[in-house]
Amino acid sequence: MSDTFRLSWRLPLVLIGVLLVEAVLLLTPGHLAVTGHEVDVLHATEAALRLSMGQAQHIDFMTPLGVLAFWPIAFFLDLGFGISTANMAGNLLIGAFFLPCLVWVGARRFGGNLGIFFGVLTLIMVTAVVYGGEQATVSMSMYYNRWGWAAVFVIAALILLPEVDAAPRPRVDGLVIGLMLGFLLLLKATFFVVLAPMVALVLIIDRSWTRLAVCILAGLFVCLLASVVFGGLEFWRHYLLDLLFVSGSEVRPRPGKEFTEVLALPSFFPGTICLLAAIVGLRSAGFSRDGLVLFLLAPGFAYITYQNWGNDTKWLVPLGFACLVWSRNMAGARVYGWDGRSYFLVLGWVSLGLITPSFVNMVSSPIRNMAAPGDGYVSIMSDPLHAGLIIERKRSFVAEAMVVIDGVVDPAPVLEDEEPDESLRLGAFEIDKCTLKTGYYGLMRAMADDLVAAGYGDKRLALVDVANPMPLMAEVARLDYASPWYYGGTRDADGAEFLVVPKCPISQPTFRAYLNALNAAETRWQLADTREHAWIFKRR
């Protein structure tokens, strides 16, 4: 088939069926049973609630994440749903957005069962309730990374692979690529900044001017639509300011391992070898253009992995499927003396095998959420509307910490490029080093209840830690314009009446950075009260 090519009816029906099954699995329980990364869940919850309250992202609160990271959840909050249902429905909404794109890519680049397999895996990733990895938890943490990877899958397939027995449709390809890039820009800028130049370069190399022009127009349309909906030029200006601020912050330069570790650690190295073997194999087999495109995409794959928490190498999915497609086109081709078909067939299945544990985890995550026993969980939020957001009791109410024992001295001198381990302080007040390891929810709930009982509930409070979830847990006032996550500076403290300094924060590096920023600012704080789990400071 060429010009008479038509999409197979099986592909859209199967993908619609998968999305419906996921909808049943996600919405039937009526809860989100968190068993990991509760701090990140609370961060996303706070941001979505702020949007639902009418605040404008980037303008009223700072975050480097794009508005599409929280808007799908806020959309369902606006419709009156609780936060657990809104989380699940937001997942499904993004899945519905991707579905027609996956039908197009599956039919035009893979064909047959391979296109169905690709689409099913991508939809499962989008609608999962765990970020990936190998730990069998349930959490809506870092869900926006999964959504971003889905867009990467679509883009990679469209620029890497040839049409399957069909006449080219550059306008539709350009439209899909442009929509995907616009989606990434409004979701998480890291994906866009890394991929957009490479996509443009590939389209220029291919002299695919129609695809490039339509891609640009589609991207501009997305930006125009975002301007109309989310606040015009002020939205974009503040988004850029947030990105610039966070990129220059030392609070969280990376969410996981070093870049070199993502490439060379034993757990990552097999994937790196597969990527390099595919590039070299394509060049050897005479597929120089495909090898060049994969070579251009490789740094982007690695950098996105480096910038996403968990460093899950999800790029192995498009690599694996691309290798299976290339194997079909290798009739008579040789790769350094080996049969090209066999070479890429093995390489494709090895690549997919390496990422299988992560996808098994994502496939099973909705089932784990359904099976969560009600008596083993407790509601996180005080508002009855949001009672469906629950957390494991055994995880929540045994607070364990790591403390530093004094009297242990390192005899070696401090190196020139090594910072001395200085004491913690706020002004002249010395603070013991302690890092909370377990029981975050229980400790935050106890702290919030204690502050309310002590008369601080209606005060403007800034919590010196990575986030301030207390307004979600008790009748603690929400600090206007406060960031859902701390990325540096003293913006939250500048608008606060009191600082709440926890005796055992969740993140020691962030805690130290926050204290250093406070000490460097003009405002001075003095101890006003000592509570069981925190010190209260007021302006001097």
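The table for this structure:
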quantity	calculated
Failed condition for residue 437, given (1) modelled with pLDDT of 90 or more; (2) more than 18 Å from residue 531 (Cα to Cα); (3) surrounded by fewer than 10 Cβ atoms within 10 Å (Cβ to Cβ); (4) not β-branched (Val, Ile, Thr)	(3)
Test result for residue 74, touching a Pro at 6+ places or on another chain (Cβ under 9 Å) and either outside the structural domain of residue 467 (by TED's automatic domain parsing) or under 22 Å from residue 149 (Cβ atoms) (or both)	no
Residue that is nearest to residue 98 (Cα to Cα), among those in region 168-191 that are in contact with a Cys (Cβ under 6 Å, 6 or more places away or on another chain) and not hydrophobic (A, V, I, L, M, F, W, C)	178
Yes/no for residue 344 being surrounded by 24 or more Cβ atoms within 10 Å (Cβ to Cβ), under 20 Å from residue 149 (Cα atoms) and either in contact with a Phe, Trp or Tyr (Cβ under 6 Å, 6 or more places away or on another chain) or of a type in the set (Gly, Ala, Ser) (or both)	no
Residues of region 426-443 classified as within 24 Å of the chain's Cα centre (by Cα) and on the phi < 0 side of the Ramachandran plot, total	5
Entirely in region 1-101, the helices (runs of 4 or more DSSP H) that have 2 or more residues that are modelled with pLDDT of 95 or more and closer than 18 Å to residue 365 by Cα	10-27
Every residue from region 119-176 that is small (Gly, Ala, Ser) and surrounded by fewer than 20 Cβ atoms within 10 Å (Cβ to Cβ)	133, 136, 166, 167
Some residue of region 420-441 being closer than 30 Å to residue 54 by Cα and either of a type outside the set (Val, Ile, Thr) or outside any loop (DSSP other than H, G, I, E, B) (or both)	yes
Flag if residue 99 is in contact with a helix residue (DSSP H, G or I) (Cβ under 9 Å, 6 or more places away or on another chain), closer than 30 Å to residue 325 by Cα, surrounded by fewer than 22 Cβ atoms within 10 Å (Cβ to Cβ) and aliphatic (A, V, I, L, M)	yes
Hits in region 195-217 - residues which are without any contact (Cβ under 8 Å) to a residue 12 or more places away in the chain and outside any helix (DSSP H, G or I)	207
Residues that are touching a Lys or Arg at 6+ places or on another chain (Cβ under 9 Å) and either modelled with pLDDT of 95 or more or acidic (Asp, Glu) (or both), drawn from region 131-144	144
Residue 476 over 24 Å from the mean Cα position of the chain (by Cα), buried (at least 20 other Cβ atoms within 10 Å of the Cβ), at pLDDT 90 or above and not in a loop (DSSP other than H, G, I, E, B)	no
Members of region 507-534 found to be surrounded by fewer than 18 Cβ atoms within 10 Å (Cβ to Cβ), of a type in the set (A, V, I, L, M) and touching a residue at least 60 places away in the same chain (Cβ under 8 Å), listed by number	527
Residues of region 382-409 satisfying the condition of being touching a Ser or Thr at 6+ places or on another chain (Cβ under 6 Å) and among the acidic types (Asp, Glu)	392, 400
Subset of region 488-504 [surrounded by fewer than 21 Cβ atoms within 10 Å (Cβ to Cβ) and either of a type outside the set (Asp, Glu) or touching a Lys or Arg at 6+ places or on another chain (Cβ under 9 Å) (or both)]	488, 489, 490, 491, 495, 497, 498, 502, 503
Among residues of region 322-343, those that are out of contact with any strand residue (DSSP E or B) (no Cβ under 8 Å at 6 or more places or on another chain), assigned to a helix (DSSP H, G or I) and touching a residue at least 40 places away in the same chain (Cβ under 8 Å), counted	5
Considering residues of region 445-470 that are buried (at least 20 other Cβ atoms within 10 Å of the Cβ) and part of a helix (DSSP H, G or I) only, the residue nearest to the chain's Cα centre (by Cα)	470
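Listed here are the residues, each with its yes/no results for (1) more than 27 Å from residue 481 (Cα to Cα); (2) crowded, with 20+ Cβ neighbours inside 10 Å; (3) not assigned by TED's automatic domain parsing to the domain that holds residue 481; (4) not small (Gly, Ala, Ser).
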| site | (1), (2), (3), (4) |
| --- | --- |
| 16 | yes, no, yes, yes |
| 21 | yes, no, yes, yes |
| 30 | yes, no, yes, no |
| 51 | no, yes, yes, yes |
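Let's see how each residue does on (1) in contact with a helix residue (DSSP H, G or I) (Cβ under 6 Å, 6 or more places away or on another chain); (2) part of a helix (DSSP H, G or I); (3) without any contact (Cβ under 8 Å) to a residue 60 or more places away in the chain:
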| position | (1), (2), (3) |
| --- | --- |
| 242 | no, yes, no |
| 251 | yes, no, no |
| 255 | no, no, yes |
| 273 | no, yes, yes |
| 280 | no, yes, yes |
| 291 | yes, yes, yes |
| 310 | no, no, no |
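The values are calculated or read from the model by the stated rules, or taken from the named source; none is laboratory data. Since we're looking at a predicted model, the values are computed, not measured. Cβ atoms come from the backbone with ideal geometry, glycine included; neighbour counts cover every protein chain shown.
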